[in-house]
1. Among what's in segment 249-306 and is of a type in the set (G, A, S), in a loop (DSSP other than H, G, I, E, B) and in contact (Cβ under 8 Å) with a residue 60 or more places away in the chain, pick the residue that is surrounded by the fewest Cβ atoms within 10 Å (Cβ to Cβ).
2. Suppose the filter is part of a helix (DSSP H, G or I), crowded, with 17+ Cβ neighbours inside 10 Å and touching a Leu at 6+ places or on another chain (Cβ under 9 Å); does G76 pass it?
3. I need the full set of residues from segment 206-245 which are closer than 12 Å to T300 by Cβ and without any contact (Cβ under 8 Å) to a residue 12 or more places away in the chain, in order please.
4. Give the number of residues within segment 228-248 that are surrounded by 14 or more Cβ atoms within 10 Å (Cβ to Cβ) and at pLDDT 90 or above.
5. Kindly establish whether L40 is open to solvent by 20 Å² or more (accessible area, probe 1.4 Å) and either modelled with pLDDT of 80 or more or within 25 Å of P249 (Cβ to Cβ) (or both).
6. Quick check, is G100 touching a Leu at 6+ places or on another chain (Cβ under 6 Å) and either in a helix (DSSP H, G or I) or open to solvent by less than 60 Å² (accessible area, probe 1.4 Å) (or both)?
7. I'm trying to understand the selection: among the residues of segment 173-213, which are in contact with a Cys (Cβ under 9 Å, 6 or more places away or on another chain) and assigned to a helix (DSSP H, G or I)?
8. Tell me the residue from S216, S176, S206 that is farther than 30 Å from K112 by Cβ, surrounded by fewer than 13 Cβ atoms within 10 Å (Cβ to Cβ) and among the hydroxyl-bearing types (S, T, Y), please.
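The values are calculated or read from the model by the stated rules, or taken from the named source; none is laboratory data. Keep in mind it's a predicted model, so treat the numbers as computed, not measured. Note that each Cβ is placed from the backbone with ideal geometry, even for glycine, and that neighbours are counted across all protein chains shown. For accessibility, only protein heavy atoms count, side chains too; no ligands or nucleic acids. Shrake-Rupley method; radii C 1.70, N 1.55, O 1.52, S 1.80 Å.
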Amino acid sequence: TAMSVAFVANALIPGFSIALGFLLGGIVSPPDAVSAGAILKFVRLPRSMRSILEGESLLNDASSLIIMRFALITVGTGQFIWYQAAGSFVWMVIGGIAIGLLVGVLFMRAHKYLPTDTSMDVILSLVTPYVMYIAAEKAHSSGVLAVVSGGLLLSNRRHLFLSGPSILRGVNVWESLVFLLNGMVFLLIGLDLPEIVSGLNGVPLSTAIGYGLLVSGVLMVGRILTAYGAVVFTMIAKHFITVADTRSPGLKRPFVMGWAGMRGVVSLAAALSIPLQLDDGRPLPQRNLILCITFVVILTTLLVQGLSLPF
């Protein structure tokens, strides 16, 4: 998805280099599990499809943010050294997962051996992902992958070190917190929108919206094609390796999987994290246009795909 957006943006949006295209692609490529989960409550789907749609963002978010990081480096330096990028990518993945698991084990022991009560257990659960993320980022690996791996470890083992009341209260606290954080991110982009529009540097708002609709179309078509491509690949691969499901999913399931590609809070947070300036002090080119396109993409996919998904 990031590659498709990069080449389309480079070809059709004036002033967009390949590096800026990959930056935009990294921002808008991850689907939003929160949006999918909220809409799927009103849709009867097989459990396997629901698990994939809600779980795919765990790794998609991390890979997209890694692409975004490399694109920012390329925009700043003007060059892309593939073997350095490959080495950095390997360390970001392996180091992020290892640090997340290590911090997860340490917090499991803290829960188990410290005299904590329900409130302390909830507070530790709030602190844990930040410690994972910061530790991984300080080691120049992926903080997102660290949180994913450590979070999966703690989630699967929670019954071994948490009491029943701690688990119930923790679920309630996290549901409220996630709802609040999602609202805050959309509020921030709404407050930032007037400044974004005023800083488009001569690009009319209607043109920027057109670019956003163009990128939205690339995302929708690309995801549907990829959904069917994954089915074809699995049907071929089952003759050589063991796959999760050997049955043909037909034509409907891949289309629903492809159509359930709403963008949301991760893309917003990634767009808002773009620096105002490069390391050498130059302003980041096309920053406001990237933010505007991201906003249009999120709005379009939520309204078009999200509202029509139940049908």
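1. G264
2. Details: part of a helix (DSSP H, G or I): yes; crowded, with 17+ Cβ neighbours inside 10 Å: no; touching a Leu at 6+ places or on another chain (Cβ under 9 Å): yes.
Judged against the criteria, G76 is not a match.
3. Scanning segment 206-245 gives G210, G217.
4. Summing the residues that are surrounded by 14 or more Cβ atoms within 10 Å (Cβ to Cβ) and at pLDDT 90 or above in segment 228-248 gives 1.
5. Answer is no for this residue.
6. Numbers: touching a Leu at 6+ places or on another chain (Cβ under 6 Å): no; either in a helix (DSSP H, G or I) or open to solvent by less than 60 Å² (accessible area, probe 1.4 Å) (or both): yes.
The answer is no for G100.
7. Listed by number, the residues that qualify are L193, I196, V197, L205, A208, I209, Y211, G212.
8. S206
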